[in-house]
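Asks: First, the structure itself, so that you have it in front of you.
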Amino acid sequence: MKIKVSEVKMVKSYVATLREFDLGETKYYQPIATDYNGFHNARKRLEERNVAKFTLSWSKDKKYFKVTRDE
């Protein structure tokens, strides 16, 4: 019997990524697959729990989006 070795798939954690932001910090991301929606949903979860507040906005050419921690 021949064994086929599998790889572990890593899942992106948008909530964990946002939690690492310092107050006032801004980062830019290229929208890969559903990244923008993932960040948007994570932001909403954190704001509903009163953990932090973030602003998400697109660049004019839509090649990247900006995430800033406001509170």
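The values are calculated or read from the model by the stated rules, or taken from the named source; none is laboratory data. Since the model is a prediction, treat every value here as computed from it, not as a measurement. Note: ideal-geometry Cβ built from the backbone for every residue, glycine included; neighbour counts use all protein chains shown. Surface areas here come from the heavy atoms of the whole protein model, side chains and all, with no ligands, DNA or RNA. Shrake-Rupley method; radii C 1.70, N 1.55, O 1.52, S 1.80 Å.
Asks: Considering amide H positions built from the backbone, and no H for Pro or chain starts, which residues 5 or more places from Lys53, or on another chain, come under 5 Å of its amide H?
Replies: Asp70, Glu71
Asks: In percent, how large is the relative contact order of the chain, given Cα pairs closer than 8 Å and 6 or more residues apart?
Replies: 36 percent
Asks: Just the number please: accessible area per residue for the chain, 1.4 Å probe, all protein chains included, in Å².
Replies: That works out to 82 Å² for each residue.
Asks: Follow-up. Restricting to DSSP H runs of at least four residues, report the calculated mean residue ellipticity at 222 nm for the chain, -39500 (n - 2.57) per run over all residues, nearest 500 deg cm²/dmol.
Replies: That calculation yields -8500 deg cm²/dmol at 222 nm.
Asks: Can you give the net charge of the other residues whose Cβ lies under 14 Å from the Cβ of Lys27, counting K and R as +1 and D and E as -1?
Replies: Result for the local shell: -1.
Asks: If you roll a 1.4 Å probe over the chain with all protein chains in place, what percent of the accessible area is carbon or sulfur?
Replies: Exposed carbon and sulfur together represent 51 percent of the surface.
Asks: In whole Hz, with x marking every Gly and Pro, tabulate ³J(HN,Hα) for segment 25-33 from phi via Karplus 6.51 cos²θ - 1.76 cosθ + 1.60, θ = phi - 60°.
Replies: 6, 10, 9, 10, 10, 7, x, 9, 6
Asks: Between Val11 and Glu48, what is the label-to-label distance in nm when each label sits 7 Å out along the Cα-to-Cβ direction?
Replies: 1.7 nm
Asks: I'd like the orientation of helix 35-48 relative to the chain: the angle between its Cα long axis and the longest Cα principal axis, in ° from 0 to 90, rounded to 10.
Replies: Once rounded, the angle reads 60 degrees.
Asks: Let me ask something else. Once phi is turned into ³J(HN,Hα) by the Karplus curve 6.51 cos²θ - 1.76 cosθ + 1.60 with θ = phi - 60°, what whole-Hz value does each residue of segment 59-71 show in order, with x for glycine and proline?
Replies: Per-residue couplings from phi come out as 6, 4, 8, 6, 8, 7, 10, 10, 10, 10, 8, 8, 9 Hz.
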